[in-house]
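So the structure is just underneath, and the comments pick up after that.
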Amino acid sequence: MDHAADVPDVFDPRIYAEGIPHARYRVLRAHHPVAWQEEPEIAGWPAGPGFWAVTRHADVVRVLRDHRAYSSWAGATQIRDPDPADLPFLRSTMLNQDPSKTAGDHGRLRRLVARAFTPARVDAFAGRVRERARGLLAGARKNAEDGAADLVRTVTDEFALLNLTDLLGVPAADRALLLEWTVRIIGYQDPEDAPAPLLGPDGKPLNPRSPALLGEMFAYARELAAHKRAHPGDDVMTALAHAGLADAELEMFFFLLTVAGNDTVRSAAPGGLLALALAPDAYRRLAAGEVPVDRAVDELLRVHPPVLSFRRTAAVDTELAGQPIRAGDKVVVFHASANHDERVFTDPARLDLGRTPNPHVSFGDGPHVCLGAHFARLQLRTFYEEWCATMPVPESADPPRRLVSNFINGITRLPLRVSGPPR
């Protein structure tokens with residue numbers, strides 16, 4: 001294995017609190033495209049056996065597409081190994097299945113979500129999404145302190161959460177629960193963003209994704225499904241409640257939609273605003289209508305992917321970029337690095353809102369490509385359009401705060417100037 005001293009660490013979640021480690025990624029892409037990473041104990045979280053970090057675009061796409069060699073089922077999709085006792089339950093969600101191993105289940109579950117997330121159903125929410133963006137931005141301007149507001153607290157958290165709960169059909173009185181669960185599950189590596197972790201008998205933190213700690217969410221999913229069977233609506237939970245799912249499948253669907261569906265836009269929207277604040281000329285081109293908004297959305301997703309990494313497990317002895325990999329090894333792809341690969345993207349550090357083609361992997365690739373991408377793009381497109389129409393040029397009022405995480409590319413505070421005429 002490659003233990004060279006010049007291989008930079010891209011595992012430590014604390015690195016990402018300072019921003020995406022592009023300099024480290026460049027070294028890896030240039031010299032160690034499939035690099036062994038140690039997995040030491042950090043902040044009480046147990047050490048692991050280590051993994052291969054995959055940083056070039058072509059190799060990332062290969063891993064994501066080749067589910068026979070690189071399995072989601074074998075060890076799930078987080079860098080940290082799950083408790084073996086939890087694996088059977090985790091495999092009840094399509095995210096942790098392989099078409100080659102669970103062909104019937106994976107295909108059936110993806111078809112169910114595809115039917116629930118039809119473009120027609122998603123597009124029917126377009127007017128509501130626009131009204132929400134407009135109202136939240138107006139509220140941020142109205143309640144600004146010294147002309148500035150934290151856009152995460154006042155706008156983007158609510159925007160992502162309320163759009164998702166509308167689509168799911170979650171009653172208004174219950175919506176704060178979904179944000180609480182998302183923060184607990186996504187922000188668990190961040191001592192400021194998440195509640196103090198529960199400790200096991202050995203004094204080590206318990207994985208917040210463990211089914212044992214998700215009982216409240218799972219119970220709610222079953223209750224909501226029962227309510228939708230008695231009182232159906234035109235929403236995703238009604239579709240799932242009538243789909244004949246086993247309880248474990250329903251629970252894991254709700255978990256996946258609540259966390260992934262919420263946090264994709266919750267991370268991408270402030271990340272895109274921050275990218276525009278750092279590139280005012282690019283923003284002015286967008287506001288002036290000189291670049292198509294759809295292209296701009298994809299470029300902002302390229303430079304700020306919501307997800308930093310996803311794990312696979314080698315199912316067979318194989319080779320990647322000349323590096324032998326043994327069956328059972330963890331193989332982790334890094335989306336932000338692939339999105340800045342000089343072999344694919346010209347001048348990748350530049351925010352080019354009109355960039356085309358733009359084969360970013362921010363929504364993944366292969367059999368697990370994000371089924372909610374259409375809804376996410378709709379929300380982001382609407383959000384940037386409403387900002388351009390009603391808000392001033394994005395300008396930082398104070399430094400942002402980033403999530404301590406090697407999984408989610410989150411921003412937990414984004415103070416921006418919100419007073420002044422639209423430009």
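The values are calculated or read from the model by the stated rules, or taken from the named source; none is laboratory data. What you see is a predicted model; the values in this text were computed from it and never measured. No Cβ is skipped: glycine too gets one built from the backbone with ideal geometry, and neighbour counts run over all protein chains shown. The protein model used for the area step is the full one, side chains on, heavy atoms only, and it has no ligands, DNA or RNA in it. Shrake-Rupley method; radii C 1.70, N 1.55, O 1.52, S 1.80 Å.
Key figures for this structure:
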read-out	value
From the options 40, 88, residue that is outside any loop (DSSP other than H, G, I, E, B), over 20 Å from the mean Cα position of the chain (by Cα) and more than 21 Å from residue 364 (Cα to Cα)	88
Residue within the stretch 368-387 that is without any contact (Cβ under 8 Å) to a residue 12 or more places away in the chain, out of contact with any Lys or Arg (no Cβ under 8 Å at 6 or more places or on another chain) and part of a helix (DSSP H, G or I) present	yes
Qualifying position, being part of a loop (DSSP other than H, G, I, E, B) and open to solvent by 20 Å² or more (accessible area, probe 1.4 Å), among 260, 243	243
Members of the stretch 37-85 that are among the β-branched types (Val, Ile, Thr) and surrounded by 18 or more Cβ atoms within 10 Å (Cβ to Cβ)	54, 55, 60, 61, 63, 77, 79
Scan of the stretch 408-419 for residues that are outside any strand (DSSP E or B), of a type outside the set (Val, Ile, Thr) and open to solvent by less than 30 Å² (accessible area, probe 1.4 Å), ordered by number	409, 410, 414
Filter result for residue 404 (among the β-branched types (Val, Ile, Thr), assigned to a loop (DSSP other than H, G, I, E, B) and more than 30 Å from residue 97 (Cβ to Cβ))	no
So residue 229, is it out of contact with any Ser or Thr (no Cβ under 9 Å at 6 or more places or on another chain) and either open to solvent by less than 30 Å² (accessible area, probe 1.4 Å) or modelled with pLDDT of 90 or more (or both)	no
Matching residues, the stretch 27-53, being within 26 Å of residue 275 (Cα to Cα) and touching a residue at least 12 places away in the same chain (Cβ under 8 Å)	27, 28, 29, 53
Scope the stretch 155-174; condition charged (D, E, K, R) and buried (at least 17 other Cβ atoms within 10 Å of the Cβ); matching residues	157, 158, 166
Condition broken by residue 185, with the remaining ones in (1) among the hydrophobic types (A, V, I, L, M, F, W, C); (2) open to solvent by less than 10 Å² (accessible area, probe 1.4 Å); (3) modelled with pLDDT under 85; (4) more than 19 Å from the chain's Cα centre (by Cα) satisfied	(4)
